[in-house]
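This report concerns only the one structure given below.
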Amino acid sequence: MAEREHAVVLAGSGRVAVIAYGLADAEHRVQKELARLWPEARVEITEVLRPEGGQRIAEEFHVGYRLGATLRVHAATAEAAGREALRQARQRLGGSRYARTELRVARDTPA
């Protein structure tokens with residue numbers, strides 16, 4: 001079977017702990033770091049939580065996020081295209097605090 005190009009839409013979500021100077025700084029830091037790792041991805045912050053009660057100059061925040069992106073891959077089947085897109089996505093996020101992002105194939109369409 002010949003390979004063809006597939007446009008695989010991926011969706012992911014996760015939560016990371018970041019040290020920041022406030023809620024807005026925590027949100028901005030996650031958006032900026034994900035944009036640096038995966039510039040084409042859409043990032044949506046879903047929650048920002050302060051796990052400890054006391055306020056300090058710099059605090060730990062838990063930030064939930066959703067990630068979405070379309071990757072173009074070459075594969076013989078839709079299943080193979082999905083596996084390749086997930087592999088590439090994990091490679092982009094690997095080695096960072098976002099490596100545990102839960103990724104799934106949302107849609108595959110031949111390009």
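Observations, loosely collected:
- Within segment 72-86, the set of residues being part of a helix (DSSP H, G or I) and of a type in the set (G, A, S) comprises A78, A80, A81, G82, A85.
- Candidates R15, R4, filtered to the one that is of a type in the set (K, R) and more than 30 Å from T77 (Cα to Cα): R15
- The set of residues from segment 1-44 being over 12 Å from L93 (Cβ atoms), out of contact with any Phe, Trp or Tyr (no Cβ under 9 Å at 6 or more places or on another chain) and part of a loop (DSSP other than H, G, I, E, B) comprises M1, A2, E3, Y21, P39, E40.
- Of the residues making up segment 23-81, those that are surrounded by fewer than 16 Cβ atoms within 10 Å (Cβ to Cβ), polar (S, T, N, Q) and under 16 Å from the mean Cα position of the chain (by Cα) number 2.
- When segment 59-83 is filtered for residues that are in contact (Cβ under 8 Å) with a residue 24 or more places away in the chain and under 22 Å from M1 (Cα atoms), the ones remaining, listed by number, are L71, R72, V73, H74, A75, A76, T77, A78, A81, G82.
- Scanning segment 49-66 for residues that are of a type in the set (A, V, I, L, M) and modelled with pLDDT under 95 yields L49, I57, A58.
- When every residue of segment 57-71 is checked against the conditions, at least one turns out to be in contact with a Gly (Cβ under 8 Å, 6 or more places away or on another chain) and aliphatic (A, V, I, L, M).
The values are calculated or read from the model by the stated rules, or taken from the named source; none is laboratory data. All of these numbers come straight from a predicted model, not from anything done at the bench. Virtual Cβ from ideal backbone geometry, glycine too; neighbours counted across all protein chains shown.
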